[in-house]
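Undergrad: The structure under discussion is supplied below as structure tokens; questions concerning it will follow.
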Amino acid sequence: GNSVTQMEGPVTLSEEAFLTINCTYTATGYPSLFWYVQYPGEGLQLLLKATKADDKGSNKGFEATYRKETTSFHLEKGSVQVSDSAVYFCALTERSSASKIIFGSGTRLSIRP
Amino acid sequence: SQTIHQWPATLVQPVGSPLSLECTVEGTSNPNLYWYRQAAGRGLQLLFYSVGIGQISSEVPQNLSASRPQDRQFILSSKKLLLSDSGFYLCAWSPGTGSLDTFGSGTRLTVV
């Protein structure tokens, strides 16, 4: 079945450091890929998405590129801020059945001032 | 704009008691609706999803069930709770485009 694997956290970085959170997937067909973020005390919200191979999703300085050859969708940011501290979830949905949305286990990110 | 209501926010229930969590969506019609459980350190687990009234897809065999009696209402139930049912339950909706637009504020269930 379809699945999403994320790097385990917690990830702790200093402010202005470069961030990468790895995400790989297993899916039949051609899934759409997403990153969601959950800030402390808040609900989940969509951060960015990509719907086909080589697409790059971006938002709030974060980027992720849909790599079909490596079945990956790694989240990156060039210079993190304390306000980026949150839990990040990678997710996918099958294009053929946009109903079923599968999440990874989440990666907790903490940024030190 | 669309909003999603989920209640109660917290719940403490004894083992073997029944459960009913309700989720309603406003501002949209014919949404896809979802129930997820977020257990500590285990991420989001898809429990049920529904693409229409009376249509329920179950992802994880367990003692939970879901129902969709109305277009914008999604209910998570159990006849007898287990300790392992403790967790944070989230309702969400999607317009059917593949991404989840809005999540409910969640219900923290503790089974004692």
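The values are calculated or read from the model by the stated rules, or taken from the named source; none is laboratory data. Because the structure is predicted, anything quoted here is derived from the model rather than measured. Cβ placement follows ideal geometry from the backbone for every residue including glycine, while neighbour counts extend to all protein chains displayed. Accessible surface is based on the protein model in full, side chains and every heavy atom, while ligands, DNA and RNA are left aside. Shrake-Rupley method; radii C 1.70, N 1.55, O 1.52, S 1.80 Å.
Undergrad: In segment B:64-91, which residues are within 14 Å of another protein chain (Cβ to nearest Cβ) and either hydroxyl-bearing (Ser, Thr, Tyr) or touching a Gly at 6+ places or on another chain (Cβ under 7 Å) (or both)?
TA: Result: B:68, B:88, B:89, B:90, B:91.
Undergrad: OK, next. Can you tell me how many residues within segment A:14-36 are outside any loop (DSSP other than H, G, I, E, B) and over 26 Å from residue B:88 (Cβ atoms)? Talk me through it step by step, then tell me what you get.
TA: Step one: of segment A:14-36, the residues outside any loop (DSSP other than H, G, I, E, B) are A:14, A:19-21, A:23-26, A:31-36.
Applying the additional criterion that residues be over 26 Å from residue B:88 (Cβ atoms) yields A:14, A:20.
Within segment A:14-36, residues that are outside any loop (DSSP other than H, G, I, E, B) and over 26 Å from residue B:88 (Cβ atoms) number 2.
Undergrad: Look at segment A:37-49 and say how many of its residues are within 11 Å of chain B (Cβ to nearest Cβ) and either in a strand (DSSP E or B) or not charged (D, E, K, R) (or both).
TA: The first filter runs over segment A:37-49 and keeps only residues within 11 Å of chain B (Cβ to nearest Cβ), leaving A:38, A:41-49.
Cutting the leftovers down to either in a strand (DSSP E or B) or not charged (D, E, K, R) (or both) gives us A:38, A:41, A:43-49.
Result for segment A:37-49: 9.
Undergrad: Okay, next question. Tally up the residues in segment A:70-113 that are over 22 Å from residue B:100 (Cα atoms), assigned to a loop (DSSP other than H, G, I, E, B) and modelled with pLDDT of 95 or more, please.
TA: 5
Undergrad: Which number in (1) open to solvent by 50 Å² or more (accessible area, probe 1.4 Å); (2) within 14 Å of another protein chain (Cβ to nearest Cβ); (3) touching a Gly at 6+ places or on another chain (Cβ under 9 Å) marks the one condition that residue A:32 misses?
TA: With respect to (1) open to solvent by 50 Å² or more (accessible area, probe 1.4 Å); (2) within 14 Å of another protein chain (Cβ to nearest Cβ); (3) touching a Gly at 6+ places or on another chain (Cβ under 9 Å), residue A:32 is out only on (1).
Undergrad: Only one of B:65, B:17, B:105, B:77 is more than 14 Å from the chain's Cα centre (by Cα) and either in a loop (DSSP other than H, G, I, E, B) or farther than 21 Å from residue A:105 by Cα (or both). Can you tell me which? If you could, list the steps in order and put the result at the bottom.
TA: Details: B:65 fails: more than 14 Å from the chain's Cα centre (by Cα); B:105 fails: more than 14 Å from the chain's Cα centre (by Cα); B:77 fails: more than 14 Å from the chain's Cα centre (by Cα).
Being more than 14 Å from the chain's Cα centre (by Cα) and either in a loop (DSSP other than H, G, I, E, B) or farther than 21 Å from residue A:105 by Cα (or both) holds for just one of B:65, B:17, B:105, B:77, which is B:17.
Undergrad: Give all pairs with beta carbons closer than 8 Å in which a residue from segment A:46-64 that is closer than 14 Å to residue A:25 by Cβ meets a residue that is charged (D, E, K, R) and assigned to a loop (DSSP other than H, G, I, E, B); count only pairs at least 6 apart in sequence or on separate chains.
TA: Listed pairs, sorted by first residue: A:51/A:95; A:53/A:68.
Undergrad: Ok, one more. Mind checking which residues of segment A:5-24 are open to solvent by 20 Å² or more (accessible area, probe 1.4 Å) and within 14 Å of chain B (Cβ to nearest Cβ)?
TA: Passing the criteria: A:5, A:7, A:8, A:9, A:10.
Undergrad: Here are B:97, B:102: which of them is open to solvent by 10 Å² or more (accessible area, probe 1.4 Å), free of Cβ contacts under 8 Å to residues at least 60 places away in the same chain and within 14 Å of another protein chain (Cβ to nearest Cβ)?
TA: B:97
Undergrad: Moving to a separate point now. Would a scan of segment A:35-57 turn up a residue that is more than 16 Å from the chain's Cα centre (by Cα), exposed (fewer than 15 other Cβ atoms within 10 Å of the Cβ) and modelled with pLDDT of 95 or more?
TA: Looking through segment A:35-57, none of the residues is more than 16 Å from the chain's Cα centre (by Cα), exposed (fewer than 15 other Cβ atoms within 10 Å of the Cβ) and modelled with pLDDT of 95 or more.
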